[in-house]
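Shown next, in structure tokens, is the structure this report addresses.
The values are calculated or read from the model by the stated rules, or taken from the named source; none is laboratory data. Being a predicted model, the structure only gives us computed values, none of them experimental. Because the Cβ atoms are built from the backbone with ideal geometry, glycine has one as well, and the counts that use them run over all protein chains shown. With ligands, DNA and RNA removed, areas are computed over all heavy atoms of the protein, side chains included. Shrake-Rupley method; radii C 1.70, N 1.55, O 1.52, S 1.80 Å.
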Amino acid sequence: MTDTCALIWLKHVRVENANAISGNLLWGFPSPSAFLGFAHALERRLNSVKLGGVGIVCHRLDPQVSHPDGPFRPGRFRLARHPYIAGWKKFKNEPAALIEEGKAHLEITLVLEVRTELDEGNRQALAQKVRSTVPSLRLAGGSIRGCSDVQVDEWPEWEEDQRKAFRKLRYRLLPGFALVERQDRLEEHLQTLRAQNPETTPLEAFLDLLARRWEPSDTDENTGKCRWQIRPRPGWLVPIAVGYAALSELYREVASSRDPNVPFRFVESLYTVGEWVSPHRLTCLEQLFWRFETDLEKGLYLCRNRYIQAKETPNGND
């Protein structure tokens with residue numbers, strides 16, 4: 001049994017000028033919080049439908065960067081300028097200010113979990129409403145320019161039927177790669193480094209795991225020469241921002257706040273390791289979904305994916 005009643009498919013959504021800077025340590029594909037926020041905004045527009053997890057599959061990522069120093073050098077974001085104001089040059093002899101923002105064009109497929117029971121007629125009506133609502137929303141700060149199809153499918157109630165349905169579902173996500181969380185990779189690497197140096201911090205393990213390092217191999221004992229190669233990684237690992245950790249207590253009343261009825265606190269970004277996985281390697285729907293997770297006592301506001309936990313359960317195997 002499951003709480004999932006239906007799935008909303010947003011197939012091949014084209015997004016222009018999405019935010020490519022997810023934190024002060026990384027840039028690239030938007031963080032999972034952007035897609036969960038999009039699902040929350042869509043849920044508020046739909047009113048009568050409750051949404052849950054979000055599956056993220058990327059088909060194309062086109063960061064808006066240039067390579068003035070050559071194709072093998074780090075790129076630079078293509079920055080825009082504020083529009084000129086009438087009479088600007090007459091009073092001030094300088095160009096308009098640059099907008100220092102990183103942008104990227106995306107083509108993605110989103111799978112949204114529906115936790116409201118719907119009959120056939122309601123599913124068709126929901127698909128039509130989602131189809132008309134999605135173009136008016138923003139996704140990761142970008143403009144939605146099109147969506148090849150919107151479909152609402154019923155999700156089976158029993159586990160055996162769910163496994164059969166998911167075997168068909170995962171191949172419909174190809175070609176593309178699903179974003180999953182691999183905190184376990186970071187913990188394993190941290191233990192490996194601490195075996196060599198007990199004072200290694202999680203940040204050092206995070207940077208070392210994701211760094212592109214050249215290592216010697218096949219050393220000739222007679223000549224002392226060796227062949228250098230890039231250190232292999234255990235998968236297509238990427239850094240991702242997954243939420244926030246509290247830096248202060250909850251403040252009930254804050255001057256000039258956007259909503260005086262909502263508590264306020266200072267936070268900092270949290271990062272972990274993610275992995276791009278081909279959808280045909282997933283074994284159950286729970287491996288695909290990202291969900292909100294909040295721990296007020298520890299001050300954690302996270303986006304979590306249960307890829308490893310679902311993989312280790314008996315029901316997650318084929």
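I'd like to verify a number: residues in the range 273-282 that are in contact with a strand residue (DSSP E or B) (Cβ under 7 Å, 6 or more places away or on another chain) and either surrounded by 22 or more Cβ atoms within 10 Å (Cβ to Cβ) or outside any strand (DSSP E or B) (or both), how many?
5
If a residue must be within 20 Å of the chain's Cα centre (by Cα), open to solvent by less than 90 Å² (accessible area, probe 1.4 Å) and among the aromatic types (Phe, Trp, Tyr), how many such residues does the range 206-261 contain?
Count: 1.
Return the residues of the range 205-225 that are modelled with pLDDT of 80 or more and either touching a Cys at 6+ places or on another chain (Cβ under 7 Å) or part of a loop (DSSP other than H, G, I, E, B) (or both); say none if nothing qualifies.
The answer is Ala211, Arg212, Arg213.
Are any residues in the range 155-170 charged (D, E, K, R), touching a residue at least 12 places away in the same chain (Cβ under 8 Å) and surrounded by fewer than 16 Cβ atoms within 10 Å (Cβ to Cβ), and if so, which ones? Let's see the steps before the verdict.
Initially, the range 155-170 is screened for residues charged (D, E, K, R), giving 157, 159-161, 163-164, 167-168, 170.
From what's left, touching a residue at least 12 places away in the same chain (Cβ under 8 Å): 157, 159, 163, 167, 170.
Those that are charged (D, E, K, R), touching a residue at least 12 places away in the same chain (Cβ under 8 Å) and surrounded by fewer than 16 Cβ atoms within 10 Å (Cβ to Cβ): Glu157, Glu159, Arg167.
Give me the residue from the range 283-305 that is modelled with pLDDT under 90 and in a loop (DSSP other than H, G, I, E, B) and, out of that set, most open to solvent (accessible area, probe 1.4 Å).
Among them, the one singled out is Glu297.
Output the residues belonging to the range 153-185 that are farther than 27 Å from Leu61 by Cβ and either aliphatic (A, V, I, L, M) or modelled with pLDDT of 90 or more (or both).
Selection gives Ala165 alone.
Do we have any residue at all in the range 251-272 that's touching a helix residue (DSSP H, G or I) at 6+ places or on another chain (Cβ under 8 Å) and of a type outside the set (A, V, I, L, M)?
Just the residues of the range 251-272 that are touching a helix residue (DSSP H, G or I) at 6+ places or on another chain (Cβ under 8 Å), to begin with: 271-272.
Remaining after also requiring of a type outside the set (A, V, I, L, M): 271-272.
Looking for residues that are touching a helix residue (DSSP H, G or I) at 6+ places or on another chain (Cβ under 8 Å) and of a type outside the set (A, V, I, L, M), one finds at least one in the range 251-272, hence yes.
List every residue pair whose Cβ atoms lie under 9 Å apart, where the two residues are 6 or more positions apart in sequence or sit on different chains, the first residue falls within the range 222-233 and is under 18 Å from Leu210 (Cβ atoms), and the second residue, located anywhere, is of a type in the set (A, V, I, L, M) and surrounded by 10 or more Cβ atoms within 10 Å (Cβ to Cβ).
Short answer, once both residue conditions are applied: Arg233/Leu209; Arg233/Leu210.
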